[in-house]
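Working notes, structure below.
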Amino acid sequence: MTVGTENGAAKPELIHVRPDADLDHVVEILDREGAVVVEDFADATTLAGLREDLGPGLEESGYSESGYDGVKTKRLSGLFKRSTQMSSVVTQPLYLGSARRLLQKPTHCWIGKVRMEVTPSIQVSFTQAIRIDPGQGRQPLHRDDAMHLWRHPGPPCRLQLMLAMTDFTSANGATLVIPRSHHWDDERPPTYAETIPAVMPAGSALLWQGGVYHGGGANTTDSPRYSLSVALDLGNLRQEENQYLAVPRETVQTLPEEVQRLLGWDRCPPGLGQVETQDPHLLLERTPQELVGMPRGANPLM
Ligand SMILES: O=C(O)CCC(=O)C(=O)O
Ligand SMILES: [Fe+2]
């Protein structure tokens, strides 16, 4: 799908889907376009809860001194520590489902004569509330998977989420996106002329692959643009935001098991992240010493 531009060249358009869209369809869009907007991603209660939990912390946060983070932009991290609403955000079926489908590709390794099939886990790598205040200029365009020094083109390592907490308009700093730029090689630089703003109402969310060029837009209005971002990464990479240190164990213990595992209390097959050769999820209920005495799990590498 394309729209015309002033100079006549065709520019890819951001595709919007409803929250009940077929997962296959959304994955196909993300594969091809690199980005998609899910309308009504979060309901009014979730949004109100997030605003209540994150708003005061964001207000207290200082501005950055970096041109990248934005001198008129406030950022608040460690969101799983700050809001119980985060579980429903990260497990939203189109977000988590797409991340699993795009990232968890089965692969294999040889253990002697055994060809062992393995599927990597995925994990929360980054959480941040972002408030772009009036006067903030455009953010430099970038790929978020640059954190992992990821190379392109090739299989993805990240699916990112930007949930609009206020309406996103082209005037108030809607994220600027270059659809299909995840297919570009690493020598091609991005330009603002190629971007389109992710215009969407509060409650909608932009999903994009880590290899898609994007950046925060300029806020030329007199009210803030407010949002929340999450990254799901392959489980065999280091987390961008250290969730083990960012989210206290007591908080992790209150979360559903799927979310605990997404926060990294999990073993990425065949054996990354183990403790006493065991699944680290066991540590939420046991001491490391208790793990030593337990029977070894079925780990084919041992
Ligand atoms: O705030 C936005 O719209 C984008 C922010 C972003 O891409 C980043 O900080 O990495
Ligand atoms: Fe980014």
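Things to note:
- Helices (runs of 4 or more DSSP H) (entirely within the stretch 211-262) containing at least 1 residues that are under 28 Å from residue 14 (Cβ atoms): 257-262
One line per residue, one yes/no per condition, for (1) away from ligand 2 (no atom under 16 Å from the Cβ); (2) over 18 Å from residue 31 (Cβ atoms):
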{"site": "95", "(1), (2)": "yes, no"}
{"site": "105", "(1), (2)": "yes, no"}
{"site": "108", "(1), (2)": "yes, yes"}
{"site": "115", "(1), (2)": "yes, yes"}
{"site": "118", "(1), (2)": "yes, yes"}
{"site": "127", "(1), (2)": "no, yes"}
{"site": "134", "(1), (2)": "yes, yes"}
{"site": "137", "(1), (2)": "no, yes"}
{"site": "145", "(1), (2)": "no, no"}
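- When residue 156 is tested against (1) more than 12 Å from ligand 1 (Cβ to nearest atom); (2) more than 14 Å from residue 183 (Cα to Cα), exactly one condition is not met: (2).
- Residue in the stretch 123-143 that is within 29 Å of residue 12 (Cα to Cα), surrounded by fewer than 19 Cβ atoms within 10 Å (Cβ to Cβ) and of a type in the set (Lys, Arg) present: yes
- Tally, over the stretch 106-144, of residues that are within 16 Å of ligand 1 (Cβ to nearest atom) and either closer than 18 Å to residue 262 by Cα or at pLDDT below 95 (or both): 5
The values are calculated or read from the model by the stated rules, or taken from the named source; none is laboratory data. The structure presented is a predicted model; accordingly, all values stated were derived computationally and were not measured. Reconstructed Cβ throughout: ideal geometry from the backbone, glycine too, with neighbour counts over all protein chains shown.
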